[in-house]
1. Could you work out how far apart the two model spin labels at Asp33 and His5 are, taking each label as a point 7 Å from the Cα in the direction of the beta carbon, and quote it in nm?
2. Normalized C-alpha radius of gyration of the stretch 39-157, against 2.2 N^0.38 Å?
3. Show me 40-53, 158-171 ranked by packing, highest mean number of other Cβ atoms within 10 Å first.
4. Given the C-alpha centroids of the stretch 89-157 and the stretch 25-58, what is the distance between them in whole angstrom?
5. Once you place label points 7 Å from the Cα toward the Cβ at Leu64 and Asp128, how far apart are they in nm?
6. Pull up the DSSP beta bridges for the stretch 34-179 and report the antiparallel fraction as a percent, rounded to 5.
7. Can you give me the % of accessible surface on the stretch 111-178 that is carbon or sulfur? Probe 1.4 Å, all protein chains present, nothing else counted.
8. Return the sequence-ordered ³J(HN,Hα) values of the stretch 87-102 in whole Hz as given by the Karplus equation 6.51 cos²θ - 1.76 cosθ + 1.60 applied to θ = phi - 60°, using x for Gly and Pro.
Amino acid sequence: MTLTHRWARHDDVPALRALMFAAIERLQSDVLDPDQVRASHAVMGLDTQLIEDGSYVIVEADGLIAGCGGWSRRTTLYGGDHSPGRDAALLDPATDAARIRAMYTHPDFTRRGVGRRVLDLCESAAADHGFARVELMATLAGERLYSACGYVPIEHVQSPPIDGVRVPLIRMGKPLVRG
């Protein structure tokens, strides 16, 4: 399997949303109950501001979209276009941590280096823009990958209620090594 990458364009949005739906449905069901999986669709998703900012990457395996994710210099830590509480204010690289956002691997491509490739690309881009640290909001399904890549838990939280259901999340962080 050959992995390649490119930065996302707006015409990728339908394929990205389909990948995200499959990832939430199939990968979250191992760690969340069915109501939490349903609620996850309201908590997670694509923030098209990342595409506008040129900071959302697609990893392809033999021409198929295998995974995606982005980094951000904006305040919002997680959530998609539809999520409440978004904040597009710019972060200060001298004092703030860049955000790793909207990371998804297609269920057919898990455990093949796709998520690690997305993280590496995003971390490198954030470092190139002067950030010394990154933070993300992990799902329970993603925690193992992030821990293996050097992220440490900052706090365990619950999403705001979605039809009375909360989704467990873990805010994690990591210092960046400049190369």
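The values are calculated or read from the model by the stated rules, or taken from the named source; none is laboratory data. As the structure is a prediction and not an experimental result, all values here were calculated from the model. In this analysis, Cβ positions are derived from the backbone assuming ideal geometry, glycine residues included, and neighbour counts consider all displayed protein chains. Surface areas here come from the heavy atoms of the whole protein model, side chains and all, with no ligands, DNA or RNA. Shrake-Rupley method; radii C 1.70, N 1.55, O 1.52, S 1.80 Å.
1. 3.8 nm
2. Numbers: Rg = 13.6 Å, N = 119, 2.2 N^0.38 = 13.5 Å.
In units of the globular-protein estimate, the stretch 39-157 measures up at 1.00.
3. Numbers: 40-53: 20.1, 158-171: 15.5.
Order by mean packing, descending: 40-53, 158-171.
4. About 14 Å separates the Cα centre of the stretch 89-157 from the one of the stretch 25-58.
5. Using points 7 Å along Cα→Cβ, the separation is 2.9 nm.
6. Values: 26 of 28 bridges.
The antiparallel fraction comes to roughly 95 percent.
7. Values: 1750 of 3480 Å².
Looking at the stretch 111-178 in its full context, I get 50 percent from C and S.
8. 9, 8, 4, 7, 7, 9, x, 6, 10, 10, 8, 5, 10, 9, 10, 6
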